[in-house]
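Report on the following structure.
The values are calculated or read from the model by the stated rules, or taken from the named source; none is laboratory data. These numbers were taken from a predicted model, which means no experiment stands behind them. Here the Cβ positions follow ideal geometry from the backbone for every residue, glycine too, while neighbour counts run over all protein chains shown.
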Ligand SMILES: [Zn+2]
Ligand SMILES: [Zn+2]
């Protein structure tokens, strides 16, 4: 049996550690991917705090390998897989939809009945190899830098989804406020800048991230969030306020 190193959550509320596990073999319809890069997500930290009752309720089982923002190259194909060949560079969907349940068939695959996914309840990408249950979860990335591609599958996709929903509100004279310009908000600033003509104001307490937001396309970056933030935005918009506020922090103060 060939083995590999994997960074696993060993038990509910346990401390993640490097483990030696078998290299998985792809079953029918599955694809074995050799991992090139994995984005780290705040969920990777949250998962370490999940109590056993909640994990069980979610239908997840421990141990599992962490890492759900994955890029890599196709290593082996299970029976029946077409459209990919060993060596193909791919990004791996951060979700794990079955493709055949009622939710998946109507396009709401985020509500798929399958419990968990790669890196959350099932083995993820913080290992040498990862099993992808359906080839439909793979997106060819050509010669795109795999380290650039990996976080697009979750952090990038989450911010893109938020921005796409509000695009109709972003007329050229509109203002969009992004609360928190870290891992998610940094992407939102870029999508707002690239996809719309609205003025983008980042609100972020960390100075380095404010600088980053400006370099990524924000027109202004305010130090916040604090009691005076709303008044400051009203003042900067001539009393009109922002057409869109995207909250990428989600704590009491930002809400
Ligand atoms: Zn995540
Ligand atoms: Zn499904």
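Name the residues in region 132-172 that are within 16 Å of ligand 2 (Cβ to nearest atom) and not in a helix (DSSP H, G or I), would you?
Residues satisfying the conditions are 132, 133, 134.
Considering each residue of region 96-130, count those that are more than 18 Å from residue 151 (Cβ to Cβ) and touching a strand residue (DSSP E or B) at 6+ places or on another chain (Cβ under 8 Å), and give that number.
So the count comes out to 7.
Every residue, every condition in (1) at pLDDT below 95; (2) crowded, with 18+ Cβ neighbours inside 10 Å; (3) closer than 27 Å to residue 189 by Cα, yes or no:
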residue: 123; (1), (2), (3): no, yes, no
residue: 139; (1), (2), (3): no, no, yes
residue: 143; (1), (2), (3): no, no, yes
residue: 154; (1), (2), (3): no, yes, yes
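From the list 99, 119, which one is assigned by TED's automatic domain parsing to the domain that holds residue 73, away from ligand 1 (no atom under 16 Å from the Cβ) and at positive phi?
Unique residue meeting the criteria: 99.
Table: residues versus (1) within 16 Å of ligand 1 (Cβ to nearest atom); (2) in contact (Cβ under 8 Å) with a residue 40 or more places away in the chain.
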{"position": "57", "(1), (2)": "no, no"}
{"position": "72", "(1), (2)": "no, yes"}
{"position": "143", "(1), (2)": "no, yes"}
{"position": "152", "(1), (2)": "yes, yes"}
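How many residues are within 16 Å of ligand 2 (Cβ to nearest atom) and loosely packed, with under 13 Cβ neighbours inside 10 Å if we restrict to region 59-110?
8
Would you tally the residues in region 197-231 being in contact with a strand residue (DSSP E or B) (Cβ under 7 Å, 6 or more places away or on another chain), within 21 Å of residue 169 (Cα to Cα) and at pLDDT below 95?
Selection size over region 197-231: 1.
Since residue 162 meets every condition but one in (1) buried (at least 16 other Cβ atoms within 10 Å of the Cβ); (2) more than 25 Å from residue 70 (Cβ to Cβ), which condition does it not meet?
Among (1) buried (at least 16 other Cβ atoms within 10 Å of the Cβ); (2) more than 25 Å from residue 70 (Cβ to Cβ), the lone unmet condition for residue 162 is (2).
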